[in-house]
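J.: Structure provided below as structure tokens; questions to follow.
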Amino acid sequence: MTGSRPLHGIGTAIAVEARKAVASRALQGITAFLVVGIVVLAVGAAAGAASGDERLAAKLGPLAGAGGWNGLVGVVAQVESAAALLGFGVALSWLVGREFADGTVAGLFALPIRRSTIAVAKLVVYFAWAATVAVLLTGAVAVAGLALGHGVTDAAASLLRIPALAVLTALIATPAAWAATAGRGLLPGIAATVALIAVAQVLAVVGVGGAIPFVAPALWAIEPDAATGWGLALVPVTALAFAGLCARAWSRLQLDR
């Protein structure tokens, strides 16, 4: 059986991958980290800066003196930009690379479904999960803001940046799927994610990341004027390109490689 079988069974493949994702303790832990962890870290950083911690104030920059929803959402976005990329990259590495790590990839050759279809199903489940995380994170930030005494008047306009950044970050984490496939395991995907974070940080520091899809979402969420339209427009294009590379790599898998 080869990857040349006609495309069929996408619904079944998505259902199977969704069941595996829902039952996964790994994804449950990553979800908790992305939803609860980001909010706790952001609120803690904002509180520390407000209490006079100079190191935290220096890291937060202008956000240290900002108040209300803009200040809270700005700090959350700063934490989310790196933490979400790490979390999404690790999750995608697990979704794609676990078949190699667990040794179950050989069984996929006996299924009456193209392996590229299985890869697409994994990506569909990943994006659905990422969208769910975006909604949950936004809700958690809203609850935190209300608990801190922020009013509801300006909440919606500020909070919209949180799910937008989460979705864009999930898209730029897509190279992890291709890396996990090419490296036949979780670690290559995680390594690619860490590399993306490091490169993005360097490009942001030197001030040339506004037009780079791996940097533009974070810059837009923290300081909208710093990102370019081209940089944001390239985000879905980049995700689609790496999703295609991942599906192609799965279609060319061989039992002895």
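J.: In the stretch 170-187, what residues are surrounded by fewer than 20 Cβ atoms within 10 Å (Cβ to Cβ) and either touching a strand residue (DSSP E or B) at 6+ places or on another chain (Cβ under 6 Å) or assigned to a helix (DSSP H, G or I) (or both)?
T.: Across the stretch 170-187, the qualifying residues are Ala182, Leu187.
J.: Moving to a separate point now. Does Arg248 count as in a loop (DSSP other than H, G, I, E, B), within 19 Å of Leu92 (Cβ to Cβ), in contact (Cβ under 8 Å) with a residue 40 or more places away in the chain and open to solvent by 40 Å² or more (accessible area, probe 1.4 Å)?
T.: Against the criterion (in a loop (DSSP other than H, G, I, E, B), within 19 Å of Leu92 (Cβ to Cβ), in contact (Cβ under 8 Å) with a residue 40 or more places away in the chain and open to solvent by 40 Å² or more (accessible area, probe 1.4 Å)), Arg248 does not qualify.
J.: Can I ask one more? Name the residue, out of Leu85, Leu95, that is assigned to a helix (DSSP H, G or I), in contact with a Lys or Arg (Cβ under 9 Å, 6 or more places away or on another chain) and buried (at least 21 other Cβ atoms within 10 Å of the Cβ). Spell out how you get there, then give the answer.
T.: On the way: Leu85 fails: in contact with a Lys or Arg (Cβ under 9 Å, 6 or more places away or on another chain).
Answer to the selection: Leu95.
J.: On to the next question. Condition first: outside any helix (DSSP H, G or I) and among the small types (Gly, Ala, Ser). Now tell me which residues in the stretch 190-217 satisfy that.
T.: Gly207, Gly209, Gly210, Ala211
J.: Please tell me if Ala144 is assigned to a helix (DSSP H, G or I) and within 26 Å of Leu232 (Cβ to Cβ).
T.: Spelling it out, it is not the case that Ala144 is assigned to a helix (DSSP H, G or I) and within 26 Å of Leu232 (Cβ to Cβ).
A quick yes/no check of all residues on (1) at pLDDT 90 or above; (2) within 19 Å of Arg19 (Cβ to Cβ):
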| site | (1), (2) |
| --- | --- |
| Val120 | yes, yes |
| Leu136 | yes, no |
| Val141 | yes, no |
| His150 | no, no |
| Asp154 | no, no |
| Leu171 | yes, no |
| Trp178 | yes, no |
| Thr181 | yes, no |
| Ala204 | no, no |
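J.: Go through the stretch 109-127 and report how many residues are open to solvent by 20 Å² or more (accessible area, probe 1.4 Å), more than 20 Å from the chain's Cα centre (by Cα) and not small (Gly, Ala, Ser). Show your work before the answer.
T.: Step one: of the stretch 109-127, the residues open to solvent by 20 Å² or more (accessible area, probe 1.4 Å) are 109-114, 120, 124, 127.
When the remaining residues are screened for being more than 20 Å from the chain's Cα centre (by Cα), the result is 109-114.
Remaining after also requiring not small (Gly, Ala, Ser): 109, 111-114.
Residues meeting the conditions: 5.
J.: Give me the residue from the stretch 156-169 that is modelled with pLDDT of 85 or more and not hydrophobic (A, V, I, L, M, F, W, C) and, out of that set, surrounded by the fewest Cβ atoms within 10 Å (Cβ to Cβ).
T.: Ranking the qualifying residues of the stretch 156-169, first place goes to Pro163.
J.: Taking the stretch 218-231 only, how many residues are open to solvent by less than 50 Å² (accessible area, probe 1.4 Å) and either assigned to a helix (DSSP H, G or I) or aromatic (Phe, Trp, Tyr) (or both)?
T.: Residues in the stretch 218-231 being open to solvent by less than 50 Å² (accessible area, probe 1.4 Å) and either assigned to a helix (DSSP H, G or I) or aromatic (Phe, Trp, Tyr) (or both): 5 in total.
The values are calculated or read from the model by the stated rules, or taken from the named source; none is laboratory data. All figures in this text were calculated on a predicted structure; none of them were measured in a lab. We place every Cβ from the backbone using ideal geometry, glycine too, and count neighbours over all the protein chains shown. When the accessible area is computed, the model is the full protein with side chains, heavy atoms only, and any ligands, DNA or RNA have been set aside. Shrake-Rupley method; radii C 1.70, N 1.55, O 1.52, S 1.80 Å.
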